[in-house]
2 protein chains.
Amino acid sequence: MTEQASKKEKVVGFIGTGIMGASMAGHLLNGGCTVHVYNRTKSRADALMSKGAIWQDTPKAVAEQCEVIITMLGYPTDVEEVYFGAAGLIENAKANAVLIDMTTSSPSLAKRIALEAANKGLAALDAPVSGGDIGAKEARLSIMVGGEERFFQAILPLLTLMGKNIVHQGAAGAGQFTKMCNQIAIATNMIGVSEALAYAKKAGLSQEKVLKSIETGAAGSWSLSNLGPRIINGDFSPGFYVKHFMKDIKIAIESAEELELPLPGLALARSLYEQVIAIGEENSGTQALYKVLSVD
Amino acid sequence: MTEQASKKEKVVGFIGTGIMGASMAGHLLNGGCTVHVYNRTKSRADALMSKGAIWQDTPKAVAEQCEVIITMLGYPTDVEEVYFGAAGLIENAKANAVLIDMTTSSPSLAKRIALEAANKGLAALDAPVSGGDIGAKEARLSIMVGGEERFFQAILPLLTLMGKNIVHQGAAGAGQFTKMCNQIAIATNMIGVSEALAYAKKAGLSQEKVLKSIETGAAGSWSLSNLGPRIINGDFSPGFYVKHFMKDIKIAIESAEELELPLPGLALARSLYEQVIAIGEENSGTQALYKVLSVD
């Protein structure tokens with residue numbers, strides 16, 4: 001990292017301008033960065049270009065222009081392609097460039113990226129986020145960062161344009177490991193929230209009144225207070241898609257298996273979300289878990 | 001209920017003066033009630049007697065003195081004995097007396113009490129609480145009430161001496177059903193909290209830092225923020241005993257079976273808490289679940 005690179009007025013590449021990525025790249029533009037963008041579906045970068053972002057036709061073209069490149073993609077396979085493909089970032093990034101993967105992806109892939117980047121004289125960080133589309137829009141993301149401390153310090157000013165709760169969790173992979181902790185806690189709690197409301201209904205109670213009695217105490221959780229009312233109102237529209245959550249659950253299970261750590265709650269969540277997908281709810285929000293636990 | 005009985009300055013019986021009950025009965029004394037007490041272990045009522053409570057040697061003796069009788073006991077079998085025993089409340093309560101069971105007990109037992117009470121011209125309510133010893137001490141309990149609306153309205157002034165979030169949930173049993181919703185949500189979430197922290201440790205992360213990243217977002221919960229730090233510090237002392245939680249889990253599972261509602265998360269929680277008890281942790285706090293999910 002050069003002195004110049006630690007300032008906010010830098011040249012940043014942003015690959016992956018979906019709902020989350022578009023908001024995040026927008027904050028970089030607002031923060032004074034020059035932003036080069038690439039996205040598989042070009043039209044999804046239109047709004048950013050109207051705000052001054054510069055379109056590039058490939059990840060390689062982005063890499064050739066930028067000292068910092070952020071990726072915000074879908075699946076680990078997408079990450080692998082953008083980093084390791086022939087036209088990818090590892091092969092084509094400028095000397096001393098910093099690569100930041102903000103996709104929720106696998107810890108072992110994050111470690112591999114860091115290793116291969118280092119072999120090329122590049123810096124790499126894994127920096128997945130939580131906070132969803134609203135957190136991205138309002139620059140209030142929680143950002144969990146893995147990688148060398150000096151790289152983290154160098155890009156912290158950039159991250160502060162996008163998030164509020166930014167924690168360096170440790171070496172390469174630690175950001176992804178932390179995000180998996182987040183998803184593990186959510187997955188199992190969603191079972192409890194769904195079962196509590198399914199039981200309330202079956203017992204003939206008013207689910208609204210039950211929520212009023214239990215949400216402020218030891219049963220309280222973000223999911224109970226935010227997704228509970230949606231379940232009660234029959235609103236299964238996506239805050240966070242079942243299909244994306246399933247991706248995260250699978251990554252977490254694979255990672256736990258690598259660590260030889262049995263996670264029975266997470267395994268149960270996977271099998272229940274498989275049922276959610278089997279009934280055609282993969283494009284619903286994660287609260288659709290209720291549909292397979294509730295019995296009329 | 002007479003006019004007199006709806007005022008706070010009434011004659012109340014309190015059976016079961018353990019940690020919770022002693023605090024609750026103390027609030028009734030402070031609120032101007034005359035309080036007759038009985039407890040299996042008399043010494044646990046000493047502090048209340050020094051504040052003016054009147055000792056009675058049996059539940060029957062309490063029943064003969066009082067227009068309202070509150071029970072705060074341990075197990076459903078204790079409730080059965082106090083209500084249905086030969087020297088019990090149903091047999092010996094004064095005409096028009098109101099019986100309030102604040103024990104966490106089974107919904108079907110609450111319905112049976114209400115029915116048998118009605119047959120004798122007595123009123124009965126189930127009114128379990130959440131908020132623990134601190135909530136009891138500070139009169140901030142959440143109180144979930146089942147039974148006839150007119151009985152609820154009549155004793156609401158008494159309940160407000162002990163709690164803040166007081167909700168009439170429906171007919172007899174509805175209070176216990178609601179408490180079971182609370183315990184179901186807690187039980188499954190405790191698995192998620194424990195697995196997230198076990199995974200964090202196994203991945204070599206700092207559990208403190210992970211908590212900082214995840215507790216304010218969608219993974220956030222009362223248990224994560226209140227019991228997570230205890231787990232991290234190796235503090236497994238009881239806020240709520242494993243053995244008491246296991247009692248509640250069993251009641252919830254029996255009740256769900258009666259309703260023909262499968263609750264796989266709760267079933268998993270039972271099997272995991274059985275393991276917690278098997279390793280000798282029944283007198284630890286519920287966060288000891290971590291011990292059977294964490295792997296060194």
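crowded, with 16+ Cβ neighbours inside 10 Å, farther than 19 Å from A:Ile143 by Cα, free of Cβ contacts under 8 Å to residues at least 24 places away in the same chain and in the same structural domain as A:Val129 (by TED's automatic domain parsing): does that describe A:Arg112? Yes: the conditions hold for A:Arg112.
A:Gly85 meets all of the listed conditions (1) farther than 22 Å from A:His244 by Cα; (2) in contact with an Asp or Glu (Cβ under 9 Å, 6 or more places away or on another chain); (3) crowded, with 24+ Cβ neighbours inside 10 Å but one, namely (3). Selection of the stretch B:166-186 for residues being part of a helix (DSSP H, G or I), touching a residue at least 24 places away in the same chain (Cβ under 8 Å) and facing another protein chain (nearest Cβ under 7 Å) yields B:Ala174, B:Phe177, B:Thr178, B:Met180, B:Asn182, B:Ile184, B:Ile186. Scanning the stretch B:241-296 for residues that are facing chain A (nearest Cβ under 8 Å), among the small types (Gly, Ala, Ser) and touching a Gly at 6+ places or on another chain (Cβ under 8 Å) yields a single hit, B:Gly265. For the stretch B:127-165, residues that are part of a strand (DSSP E or B) and of a type in the set (Gly, Ala, Ser) total 4.
Can you find, within the stretch A:119-144, the residue that is surrounded by the fewest Cβ atoms within 10 Å (Cβ to Cβ) among those that are under 20 Å from A:Leu109 (Cβ atoms) and facing another protein chain (nearest Cβ under 9 Å)? It comes out as A:Ser130.
Scan the stretch A:187-202 for residues that are surrounded by fewer than 24 Cβ atoms within 10 Å (Cβ to Cβ) and within 7 Å of chain B (Cβ to nearest Cβ) and the total you get is 1. With the requirement that a residue be under 21 Å from A:Leu159 (Cα atoms) and either in contact with a Lys or Arg (Cβ under 7 Å, 6 or more places away or on another chain) or open to solvent by 60 Å² or more (accessible area, probe 1.4 Å) (or both), what does the stretch A:95-109 give you? Scanning the stretch A:95-109 gives A:Asn96, A:Thr104.
Could you check, for the stretch A:252-265, whether at least one of its residues is in contact with a Cys (Cβ under 9 Å, 6 or more places away or on another chain) and not aromatic (Phe, Trp, Tyr)? Checked the stretch A:252-265: at least one residue is in contact with a Cys (Cβ under 9 Å, 6 or more places away or on another chain) and not aromatic (Phe, Trp, Tyr). Meeting the requirement of 2 or more residues that are farther than 29 Å from A:Phe177 by Cα, the helices (runs of 4 or more DSSP H) wholly within the stretch A:1-115 are A:19-30, A:46-50, A:59-65.
The values are calculated or read from the model by the stated rules, or taken from the named source; none is laboratory data. Just so you know, these numbers come straight off a predicted model, no measurement behind them. Glycine also receives a Cβ, built like all others from the backbone with ideal geometry; neighbour counts cover every protein chain displayed. We work out accessible area using only protein heavy atoms, side chains counted, and drop any ligands, DNA or RNA first. Shrake-Rupley method; radii C 1.70, N 1.55, O 1.52, S 1.80 Å.
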